[in-house]
Every structure is written in structure tokens, then in C-alpha cells.
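Written out below as C-alpha cells is the structure these notes cover.
Read the figures in this text as sums done on the coordinates, not as results from a lab. Every value quoted in this text rests on a predicted model; they were computed, and no experiment measured them. FYI the Cβ positions are ideal-geometry reconstructions off the backbone, even for glycines, and counts take in every protein chain you see.
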Amino acid sequence: MGDDLAYRSAVELLALIRTRQISPMELTEACLRRIESLEPALNCFVTLTPELALASARDAEREIMAGQPLRPLHGLPVSVKDLIAVGGVRQTFGSRTCRDHIAESDAPSVARLRAAGACIVGKTTTSEFGCKAAGDSPLTGITRNPWNTGKTPGGSSCGAAASVAAGVTPFALGTDGGGSIREPCALTGLFGIKPQFARVPVFPAAATPTLAHVGPLARTVRDAALLLAVIAGHDRRDPFSVAEPVPDFVAACDRPVDGMRVAWSPTLGYAKPAREMVEITEKAVAVLESLGCHVDLVENVMAEDPADLWTAEFYAGIGTRLKQQHRETPHLLDPALVAVIDRALAGPLDAYYASVFKRYEFREKMRQFFERYDLLLTPQTPIPAFDVGIDVPAQFAGRNLCTWQFYTYPFNLTGQPSATVCAGLADGMPVGLQLVGRTLDEYDVVRAAAAFEATQPARRPAGV
């Protein structure tokens, strides 16, 4: 959108719409112009939906002129990651094998966006089937980080993160099966939250149905809370869907954090972060301590790295869903994805079920850990954004496409809410602090992130 609007928050834009200082049509048209100007440099979108966005904007404008109450996202532009279905719109999953697939109907989160008055401007790029933590796919090529276009914005919600960081929309819808909201938000200086598993219902079922989360990416905690409040809530089509009332996430942004019990773990017991990542996030933890949190240093949160448990669940699911493509058209798939699927599908069935039961044991150990703490804080990534075109950073060559992140996937295994907030910069690139909450307790995650954010300067990439 225009430079005067590009970095306004969703809350600010809603106020401008409410007071008729800007119309939904003007805002949407400005957003579409900004996409056009930035796409050659960033490559954030696989499919644009200007007609859909403008139709929603016209509806929102008519309601304003008729004196009707504003809806929660009235006239706000938003994007949707291409793993999430928008009815009647192309859904490619970042794959050449699905380049012409059209979604039959809206995912629950998308239907709620529309009902809330949002204007969907397009589908954002993703690594193929969400399978790696870097921002490229054979279908769409490389998506670039607006902080430095030679660096990746991470993955798999790469287009969502890059576009929000570049001021295209105030927020976006992404998915997280092993870190795919949190890692790109950390690498692009955003707030992103993986809510409690099934807080936001998923339908049609994901290829990794016990790991996949849908959630918001935003430049501010309050904007993400606003979007999460809209998309959360029970849906009968998702058998895991959380049926309890949705907490008031926006109100959580104004709650103090004094008295919160916080564990700080630089490595969880196994991660290998760069020194500057620990130093920057440790300073962020000290800020929360100064706000009244009781902080304990806990070096070894986990007895062992749960990477194998996550890999068995995630890539076996992806491999099973892609069995036909893997057998008939492997040349159309990302070679890195083919290699990891080969290994996952080669494992015997009894070994898979052994990992399932180990996952339950792991979840119980984490439940017991959070009997003592309200939050667990860690670095979000072991390094800042790395060069584009790389699947796994060289220093983590022994890890797979996602487990080099270290800090993300454990909390997909447990389903707990987990978020990232910008803690500072390392060599000009953003560094994220991860906040993990107790089961069903996004409220404390949001309030702690908002309290920290309020102490920080506004940060945004230069030159976009």
C-alpha cells in the first residue's frame, strides 16, 4: 500500500476506516499497488486475487455508507498462505504437481476472515507442501527477505512473513507444523503465534493432522491478537477442534506481567545457537524480569532432542499424502523433499508406533514442567537469516530440512501455544525470542509478548 499507510497497524487502519479518513476501497487499492511494486524484488505471492479483494472492499464500503456497524476486520487487506484453502482460488501447495488445483471451498479460518470483513489480496508463497524452513519452492522460486534480499525470510510461511515485514498487509494467515510461522517471523522481525493445537480449526485435514496449526503473522502483538480472535473457535469438521470459549486475546495485550513464573533456557539442553543469538535473547529476558517476571535459568528442559519423534510424524505424513506424486512424478518435486520422504517411508511400522508412544511420554514430561512455570523462553532460531538458495545452513548439515531450527518442533509435538517476538538485531538482521505457554494458555503468551514489545523501538527494514 502507499508509503503513508504501509506500516500502519491493523488497529490504526481500522480507526481510519471507522472515522472515514480512508475507505476500504482506497486501502485495498493501495495494497495492490504496493504488491505490484515489491513483487519483482521479493516474490511473496503465488496467486493474486484483486477481484476478490476489491469485491470485499466494496461490500465493506457500502456497509459504512449505510451506517452499519463495523465488523472486526472491516476493509482490512490480508493474505493467506497457499497451504490454506480459499474457495474458487488456486491452491498449489508450492508444488508443480498441484499448479492447477482449485480449492473447492474456504477453510474455516478463511471463511471467518471473510465474515469479519477482511479483503483477501492473494495467496502467499510456501516451500513445497510446507516441508522446509527456507523460502523457496520448485514452483515459485525464491522468496526474499525485505531486510536483505540476499537472505531467506525462512519457511514455510515465507511469502506471508516477507510481505508483512515489507508493509504489504498488516497481517497474514500462515501455518506451522514444525516452526513455519515462528521461524519466518523471527527472521523478518515480526510477531507470530502458533496457537494451541486446534484452537484454529483445520479443514480439509492437513497431511500432518496432529502437528499442523493455523495462526497469524503480524508486525505487532495486538494486530496478531485481533486476527487470532477472529479465526479461533470450534468447528465440527475438525475432530480435534478446541470447544472451549475463545479467550480475549486483545485484552491480554494490556495485562501486566508482574508475578509470572518464567523459565529461561538458552539451549533446551541440546540446541547449538550462535553466541549473539543467546546474548540478544538473554537481554530480552532481562527486560521481562525488570517488568516483574520471576525468571529461572533452566539449562536442560529436555532429557534429549525430540527431533526424531517429530521427523517420524511429520515426514511420514507428508510422504503418505504424496505417495502417488512420489511414485509417478518425483522429478516435479523438490529433490530435498524427495530425499527426506524416502527416509521417512523406509522405516518399519513398529518403529513409527514406538515413536508415537514416545511422543505421549514427551508431552507428559512437558506438562509436568509447566506445572512450575507460566512461560518458557528460548531463542527462536539458532542463527539469523541465512543466504537464499540454501536448504540447511552449513553449520547444521547433519540436521534435516526443519530440525536445524532446534527450538520449534518440540512444541508442535506437545501442541502448546508458542510465539516469537523480535528481540533485537544481529548484523542488521532480526533475532526472535520464543515464548512457550502452558496448554490452552495463549493468553499469557500474548500478554508477555505485548509487555516486552511495549519496551522496544519500532523496527522495520530499510528501503521498502
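Write out the trypsin sites (Lys or Arg not before Pro) in the stretch 20-81 meeting two conditions: DSSP loop, and at most 13 other Cβ atoms within 10 Å of their Cβ. Mind showing how you got there, number by number?
Numbers: sites: ARG20, ARG33, ARG34, ARG58, ARG62, LYS81; in loops: ARG20.
Filter output for the stretch 20-81: ARG20.
Please work out the Cα center distance from the stretch 311-341 to the stretch 426-452, rounded to the nearest Å.
Result: 33 Å between the Cα centres.
Can you return the aspartates and glutamates within cross-link range of LYS323? Criterion is Cα-Cα under 13 Å, with same-chain partners fewer than 8 residues away left out.
Here the aspartates and glutamates satisfying the reach criterion relative to LYS323 are ASP342.
Mind giving me the nanometre distance, one decimal, between the label points for VAL11 and ASP100, set 7 Å out from Cα along Cα→Cβ?
Going from the VAL11 label point to the ASP100 one covers 4.8 nm.
Based on the Cβ-Cβ distance from GLU371 to ARG90, what FRET efficiency comes out when R0 is 51 Å, to the nearest 0.05? Don't skip to the answer; put the middle values down first.
Values: r = 47 Å, r/R0 = 0.91.
So, using R0 = 51 Å, E works out to roughly 0.65.
Please get the size of the charge dipole for the stretch 10-453, origin at its Cα centre, with Cβ charges of +1 on Lys and Arg and -1 on Asp and Glu, quoted in debye to the nearest 20.
On the way: 42 positive and 49 negative charges, 118 e Å.
For this selection, approximately 560 debye.
Taking Rh as the Kirkwood radius computed over C-alpha pairs, what is the Stokes-Einstein D of the stretch 1-148 at 37 °C in a medium of viscosity 0.692 mPa s, expressed in µm² per second? Each step should come with its number before you reach the end.
Details: Rh = 15.9 Å.
Taking Rh from Cα pairs, D becomes 206 µm²/s.
Between ASP258 and ASP342, what's the calculated FRET efficiency when r is the beta-carbon distance and R0 is 45 Å? Round to 0.05.
Numbers: r = 52 Å, r/R0 = 1.15.
The calculated FRET efficiency here is 0.30.
Identify the trypsin sites (Lys or Arg not before Pro) of the stretch 320-394 meeting these criteria: DSSP loop state and at most 10 other C-beta atoms within 10 Å of the C-beta. Mind dumping the intermediate values first?
Numbers: sites: ARG321, LYS323, ARG327, ARG343, LYS358, ARG359, ARG363, LYS365, ARG367, ARG372; in loops: ARG372.
Those satisfying the criteria are ARG372.
Residues of the stretch 201-241 with backbone nitrogen within less than 11 Å of a virtual label 7 Å along the Cα-to-Cβ line of THR320, please, listed as ranges.
Backbone N within reach: 207-210.
What is the list of residues in the stretch 103-129 whose amide nitrogen lies under 17 Å from a point 7 angstrom out from the Cα of ARG237, following Cα to Cβ?
103-116
How many percent of DSSP beta bridges within the chain run antiparallel, rounded to 5?
Values: 32 of 46 bridges.
Within the chain, antiparallel bridges account for around 70 percent of the total.
Work out from phi, with θ = phi - 60° and the Karplus expression 6.51 cos²θ - 1.76 cosθ + 1.60, the ³J(HN,Hα) of each residue of the stretch 68-75, listed in order in whole Hz, and give x for Gly and Pro.
7, x, 6, 7, x, 10, 4, x
What length, rounded to one decimal in nm, is gained on full extension from ALA251 through to ASN300, with 0.36 nm per residue of separation minus their alpha-carbon distance?
Values: separation 49, 0.36 × 49 = 17.64 nm, distance 3.35 nm.
Result: 14.3 nm gained on full extension.
Run the numbers for THR19 and ALA274: contour at 0.36 nm per residue of separation, minus the present Cα-Cα distance, in nm. Show your work: numbers first, answer last.
Details: separation 255, 0.36 × 255 = 91.80 nm, distance 4.76 nm.
Between THR19 and ALA274, full extension yields 87.0 nm more.
What full-extension length gain, to one decimal in nm, is calculated for ALA115 and LEU349 as 0.36 nm per residue of separation minus the Cα-Cα distance? Show your work: numbers first, answer last.
Numbers: separation 234, 0.36 × 234 = 84.24 nm, distance 4.34 nm.
Extra length from ALA115 to LEU349 when fully extended: 79.9 nm.
Hey, which of these cross-link pairs are over 31 Å Cα-Cα: LYS123/LYS151; LYS283/LYS358; LYS194/LYS283; LYS123/LYS358; LYS151/LYS272? If you can, show how the numbers build up before the last one.
Details: LYS123/LYS151 22 Å; LYS283/LYS358 35 Å; LYS194/LYS283 23 Å; LYS123/LYS358 37 Å; LYS151/LYS272 21 Å.
From the list (LYS123/LYS151; LYS283/LYS358; LYS194/LYS283; LYS123/LYS358; LYS151/LYS272), the Cα-Cα distance tops 31 Å for LYS283/LYS358; LYS123/LYS358.
Starting from the Cα gyration tensor of the stretch 198-279, take the square roots of the eigenvalues, sort them a ≥ b ≥ c, and report rounded, prolate or oblate (rounded when a/c is under 1.5, otherwise prolate if a/b is larger than b/c, else oblate).
Numbers: a/c = 2.19, a/b = 1.37, b/c = 1.60.
It is oblate, given that a/c is not under 1.5 and a/b is not larger than b/c.
Quick query: amide H of ALA423 versus all other amide H atoms, modeled in the peptide plane; which residues come in under 5 Å with a sequence gap of 5 or more or a different chain?
VAL431, GLY432, LEU433
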